[in-house]
Amino acid sequence: MSNSREDKDVTVAFLGPLNSYSHEATKLTFPESRWRLEPTKTIQEVFDRVQSGQAGYGVVPFENSTYGTVSFTLDGLADRAGAYADILVCDEVYLDVHHFLLGRRPPPQQSSSSSPQSEPPKRTPLYPLQHIRRVYSHPQALGQTARFLAKHLPHAETVEVSSTSRGAALAAEDPEGASAAVAGESAGRAAGLDVLAMWIEDMEENATRFFVLRRKGGDEREGKGEQEQEERGPAAAARGEDGDDGGPYNEGRYKSLVSFTVPHRRPGALADVLDCFRARGVNLTSINSVPSFTAPFQYLFFVEFEGSRLDDPDGRVRGVLEDLGRAAERWRWLGSWRNRKPVR
C-alpha cells in the first residue's frame, strides 16, 4: 500500500485558482494531505501538464446538470491538433454545486430597513442590490443562475471570467463595492466578501461532473497496472483499496468513452455507428459533438456508454469496438472508469 510521501510526489493539476469548484472536486478524490494539488489558469493547461508528464493526474469539469457540457474540455478530448494522444479518462467526480452572490453590503441607508434572517432564504437577496453594477463569474455559473440574475440584477453587467473564484477575487478588488461575483461560499470567504444571496442556482439539483485525466502508461505506483488504476480510480488504486461492492458483474458499474467521425455524405452513417451499440446491448449514457475542423459543418462525435474495455467478461464492449472500427471513419478510445453517479 502506498503511503502519504509517495502520493505527495504526484502532482494533480486542476482548473484554478484555489477555492474554485474544480478545487473542491479535486479534493474529494485527491485529499490535500496526501497529494500535491496545483491550480492552472485554463483547462487546456491541465491537458498540457498531464500529457507532458508534469502532472500525474488532471481534474477538469465535463458537464453540468443544468447548463450542459463544458466546451473547453470537449475541445481537449477532441484533440484535433494531435497534442494529447496519450490522455485517457480514468475516473469521474460528481459535485453538488450551490452558487452564492458575493460582494459588499450596500451602504447603511439602503440596508437599514431589514437585516439578514438567522436562516436566510434561498434564491432571495439578503440586501438591496441597487449598488451592484457588474457581476463576475465563469460562463457556466452565469448560465446556471440566469433566472436569478435576470430577476434581481437586470441593471447589472455580467462579465465572464476564467473561473468562479477569479470572479470573487475581481469583485473584492473593486474599491467602490459595485461589483459582485457568482461563486461558491468558500471562494467568497477567501476573498473577504459578504454573502448577498445564497443558493441562487436556477435548478435545485444542480451538479457538475468532473473527469480525472491520466496519461497512458503513466505513473503506476507499486506495480499497479493500468487496468487497476482506471477501474477503481487513481486514489483508490494508490491506497490499495478494492473499491468493489462484491456483487455480481454489472456493466452499469463502469463507463467508457469513445470519439469518432463518420463519412458525412453517406446516408445513415451516424445511425450505423450508433447501431453498433444497440446490436450488442450496450446502453449509451451521453452523446456530444464538436466541429471536426476537417470541413465546415462536419463533426466529431463523443459517445459515453456503460461497460468497460478492461473488465468485459461477456465481450460486449470488445465487440462494439470491433464493429466501430468497421462503421466509423475513424475512432479513438478515451478510457474506462468506475461509475460514480450518485443514486438520488
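The values are calculated or read from the model by the stated rules, or taken from the named source; none is laboratory data. The structure displayed is predicted, hence computed values, not measured ones. Cβ: placed from backbone, ideal geometry, glycine included. Neighbour counts: every protein chain shown. Areas reflect the complete protein model, heavy atoms only, side chains present, ligands, DNA and RNA absent. Shrake-Rupley method; radii C 1.70, N 1.55, O 1.52, S 1.80 Å.
Scan the stretch 191-203 and tell me whether some residue there is modelled with pLDDT under 95, farther than 25 Å from Gly16 by Cβ and under 25 Å from the mean Cα position of the chain (by Cα).
Within the stretch 191-203 (the criterion being modelled with pLDDT under 95, farther than 25 Å from Gly16 by Cβ and under 25 Å from the mean Cα position of the chain (by Cα)), the answer is yes, since at least one residue qualifies.
Look through His131, His155 and report the one residue that is open to solvent by 70 Å² or more (accessible area, probe 1.4 Å), at pLDDT 95 or above, in a loop (DSSP other than H, G, I, E, B) and out of contact with any strand residue (DSSP E or B) (no Cβ under 7 Å at 6 or more places or on another chain).
Working: His131 fails: open to solvent by 70 Å² or more (accessible area, probe 1.4 Å).
Being open to solvent by 70 Å² or more (accessible area, probe 1.4 Å), at pLDDT 95 or above, in a loop (DSSP other than H, G, I, E, B) and out of contact with any strand residue (DSSP E or B) (no Cβ under 7 Å at 6 or more places or on another chain) holds for just one of His131, His155, which is His155.
Of the conditions (1) without any contact (Cβ under 8 Å) to a residue 40 or more places away in the chain; (2) crowded, with 20+ Cβ neighbours inside 10 Å; (3) of a type outside the set (D, E, K, R), Ser289 clears all except one; give me its number.
Against the list (1) without any contact (Cβ under 8 Å) to a residue 40 or more places away in the chain; (2) crowded, with 20+ Cβ neighbours inside 10 Å; (3) of a type outside the set (D, E, K, R), Ser289 comes up short only on (2).
Please enumerate the residues belonging to the stretch 14-30 that are touching a residue at least 12 places away in the same chain (Cβ under 8 Å) and either open to solvent by 40 Å² or more (accessible area, probe 1.4 Å) or among the acidic types (Asp, Glu) (or both).
From the stretch 14-30, those touching a residue at least 12 places away in the same chain (Cβ under 8 Å) are 14-26, 28-30; that's our starting set.
If the condition is that a residue be touching a residue at least 12 places away in the same chain (Cβ under 8 Å) and either open to solvent by 40 Å² or more (accessible area, probe 1.4 Å) or among the acidic types (Asp, Glu) (or both), then Pro17, Leu18, Asn19, Glu24, Leu28 are the ones that fit.
Quick check on the stretch 204-220: of everything there that is on the phi < 0 side of the Ramachandran plot and open to solvent by 30 Å² or more (accessible area, probe 1.4 Å), which residue is modelled with the highest pLDDT?
Among those that are on the phi < 0 side of the Ramachandran plot and open to solvent by 30 Å² or more (accessible area, probe 1.4 Å), it is Arg215.
Let me confirm something: among Gln140, Gln227, which residue is in a helix (DSSP H, G or I), under 30 Å from Leu310 (Cβ atoms) and modelled with pLDDT under 95?
Going through Gln140, Gln227 in turn, the sole match is Gln227.
Name the residue that is nearest to Leu274 (Cα to Cα), counting only residues in the stretch 298-340 that are of a type in the set (Lys, Arg) and open to solvent by 30 Å² or more (accessible area, probe 1.4 Å).
Filtering the stretch 298-340 for residues that are of a type in the set (Lys, Arg) and open to solvent by 30 Å² or more (accessible area, probe 1.4 Å), the one nearest to Leu274 (Cα to Cα) comes out as Arg326.
Can you tell which of Arg166, Arg133 is in contact (Cβ under 8 Å) with a residue 60 or more places away in the chain and basic (Lys, Arg)?
Exactly one of Arg166, Arg133 is in contact (Cβ under 8 Å) with a residue 60 or more places away in the chain and basic (Lys, Arg), namely Arg166.
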